[in-house]
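The values are calculated or read from the model by the stated rules, or taken from the named source; none is laboratory data. All values derive from a computational prediction rather than experimental measurement. We place every Cβ from the backbone using ideal geometry, glycine too, and count neighbours over all the protein chains shown.
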Amino acid sequence: MAGKKPCDLIVKNAGQLLTLKAATDGPRRGPLMSDLGLISGGSVAVRDGEIVAADRADVVERAVEVATGTLVIDARGKVVMPGFVDPHTHVVYCGSRVDEFEARLLGKTYKEIAQEGGGINATVNRVRRAERDELVDESLPRLERMLEWGTTTLEAKSGYGLTTDDEIKMLLAIRDLDGMQPIQLVPTFMGAHQIPPEYARERGKYIDLVVDEMIPEVVERELAGFCDVFCEPGFFSTDEAERILRAGIEAGLAPKLHADEFSSSGGAQLAAKIGAVSADHLAAPSGDGLIALSKTDCVAVLLPGTSFLLGEHKYAPAKGMIELGIPVALGTDCNPGSSPIEAMTLSIGLGCVLLGLTPAQAVCAATINAAHAVGLGGSVGSLEVGKQADMLILDVADYRLLAYHFATNHVQTVIKRGGIAHHKHS
Ligand SMILES: [Zn+2]
């Protein structure tokens, strides 16, 4: 019929369609974090991987043409929502650190384990010994599980190589993985994850190496869009982090920061000062740090699973952040040491129970705000015309079950760029 848009996929009559559409192009702040753009009885139409309509079912029906080749999925009684964006992972690694998990249960702290040669160094040793293919082979099943639990985009950091060649190897593995399975990977260079043991007595030389050799090579080979630093006493000071991040900015890498995870050490202020795209962890920020952040577009990426699994009982003040107008996102921090968590729904559940988010705020944090935290707010994270068709069909009628019944996988179908990327067989 004249004027109707053709489509190759339509997901129709969703009991709850969460569009996450809002009157802003930026990350959602304050009350907007509670507005999921929920439509009862909504449909989404897709053409060539892009959303051409997302609205009430009758409106979409009038706007699009359903032809013989159109795949029609009836989502009656189900939730349809954007795919999860996991904005903070160290998902590419080798080996497990279950021994450290047990050591912590027996009373050792994360810092003590690191001082004894465990922690990040244990994984660095494994990754340095591994070939690029081994990194890919070990990480691929993790990505497959993440997809099954609804993640359609994720950020992946280097940072277990800590030599130029090994950091490049990690970023090449991330690029390989991006091309071989449906989840879209956003690569971040994190050569400043920790000072490697061989530079323990001359940390300045390691920082020179990051600035003078690693960053230029990463940029020349176009292997990352972001640069991240673990800014925390015992890892990198705020001055060191600033030097590295400014070198990254000059070379074209947007700054991110592991900030104030264990102690108030100026990480949030630094994130605000240098215009970081995200400040991550923030389990122990200062009041001044939060006020500084609230005046910027920096997204606070909160990782409640890490605080939970480390058993430190110190959680990011998410409610206060939202009251201050800081946009909040949630991630898994998937890594072998402090958070072997793959499911974004676990972050949503813990975000509600431990950080005090409402289910709506947690969903916003795991989709559109997480998309902004990885620089993709314009293409993923909400179901709006012109955006990439990354969406989930949940086999429940109420989205709040994501938070309430969080240890069960409610994801029935995962759609990435308009294609069926996963379907749960019941
Ligand atoms: Zn991290």
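Results for (1) in a loop (DSSP other than H, G, I, E, B); (2) crowded, with 24+ Cβ neighbours inside 10 Å; (3) β-branched (Val, Ile, Thr); (4) more than 12 Å from the ligand (Cβ to nearest atom), shown as yes or no for each residue.
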residue	(1), (2), (3), (4)
GLY289	no, no, no, yes
THR296	yes, no, yes, yes
VAL301	no, yes, yes, no
GLU323	no, no, no, yes
ASP333	yes, yes, no, no
THR345	no, yes, yes, yes
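When segment 305-321 is filtered for residues that are under 23 Å from VAL186 (Cβ atoms) and either within 13 Å of the ligand (Cβ to nearest atom) or acidic (Asp, Glu) (or both), the ones remaining, listed by number, are GLY305, THR306.
Residues in segment 352-368 that are part of a loop (DSSP other than H, G, I, E, B) and among the β-branched types (Val, Ile, Thr) were compared, and the one that is nearest to GLY37 (Cα to Cα) is THR367. Checking the stated criteria, ASP208 turns out not to satisfy the condition of being within 30 Å of GLY83 (Cα to Cα), surrounded by fewer than 23 Cβ atoms within 10 Å (Cβ to Cβ) and over 19 Å from the mean Cα position of the chain (by Cα). Taken together, the residues in segment 267-287 that are under 21 Å from the mean Cα position of the chain (by Cα) and surrounded by fewer than 17 Cβ atoms within 10 Å (Cβ to Cβ) amount to 1. Kindly indicate whether any position in segment 180-189 is more than 16 Å from the ligand (Cβ to nearest atom), surrounded by fewer than 17 Cβ atoms within 10 Å (Cβ to Cβ) and more than 30 Å from ARG417 (Cβ to Cβ). There is no residue in segment 180-189 that is more than 16 Å from the ligand (Cβ to nearest atom), surrounded by fewer than 17 Cβ atoms within 10 Å (Cβ to Cβ) and more than 30 Å from ARG417 (Cβ to Cβ). When segment 138-166 is filtered for residues that are charged (D, E, K, R) and within 16 Å of the ligand (Cβ to nearest atom), the ones remaining, listed by number, are ARG142, GLU155, LYS157. Taking helices (runs of 4 or more DSSP H) as the structural unit, those lying wholly within segment 38-142 and holding at least 2 residues that are touching a residue at least 12 places away in the same chain (Cβ under 8 Å) and touching a strand residue (DSSP E or B) at 6+ places or on another chain (Cβ under 7 Å) correspond to 57-63.
Of all residues in segment 276-287, those satisfying the criterion of being out of contact with any strand residue (DSSP E or B) (no Cβ under 7 Å at 6 or more places or on another chain) and assigned to a loop (DSSP other than H, G, I, E, B) are ALA283, ALA284, PRO285, SER286. The condition (being at negative phi, among the polar types (S, T, N, Q) and touching a strand residue (DSSP E or B) at 6+ places or on another chain (Cβ under 9 Å)) is satisfied by just one residue among SER237, SER294: SER237. Here is the figure for segment 74-128: residues that are touching a Cys at 6+ places or on another chain (Cβ under 8 Å) and within 16 Å of the ligand (Cβ to nearest atom) total 6. None of LYS416, LYS319, LYS387, LYS424 is of a type in the set (Lys, Arg) and at pLDDT below 95 except LYS424. Exactly one residue out of GLU261, GLU240 is in contact with a Gly (Cβ under 9 Å, 6 or more places away or on another chain), modelled with pLDDT under 95 and either under 24 Å from ARG203 (Cα atoms) or assigned to a loop (DSSP other than H, G, I, E, B) (or both), and it is GLU261.
Selection of segment 12-29 for residues being among the small types (Gly, Ala, Ser) and either outside any loop (DSSP other than H, G, I, E, B) or over 20 Å from the mean Cα position of the chain (by Cα) (or both) yields ALA14, GLY15, ALA22, ALA23.
The residue pairs whose first member lies in segment 256-280 and is of a type in the set (S, T, N, Q), whose second member is in a loop (DSSP other than H, G, I, E, B) and within 14 Å of the ligand (Cβ to nearest atom), and whose beta carbons are closer than 9 Å, counting only pairs six or more residues apart or on different chains, are SER278/PRO87; SER278/HIS88; SER278/VAL374. Taking the criterion of being on the phi < 0 side of the Ramachandran plot, of a type outside the set (A, V, I, L, M) and more than 16 Å from the ligand (Cβ to nearest atom), the residues of segment 266-284 that qualify are GLN269, LYS273.
When each of ILE183, ILE215 is tested for being in contact (Cβ under 8 Å) with a residue 24 or more places away in the chain, of a type outside the set (Phe, Trp, Tyr) and over 19 Å from ALA373 (Cα atoms), the lone residue that passes is ILE215.
With respect to being crowded, with 18+ Cβ neighbours inside 10 Å, within 16 Å of the ligand (Cβ to nearest atom) and closer than 21 Å to ILE168 by Cα, VAL229 fits the description. Taking the listed residues LEU71, LEU38, LEU32, the one that is within 21 Å of the chain's Cα centre (by Cα) and away from the ligand (no atom under 16 Å from the Cβ) is LEU32, with no other qualifying.
Within segment 243-258, the set of residues being among the charged types (D, E, K, R) and assigned to a helix (DSSP H, G or I) comprises ARG243, ARG246, GLU250.
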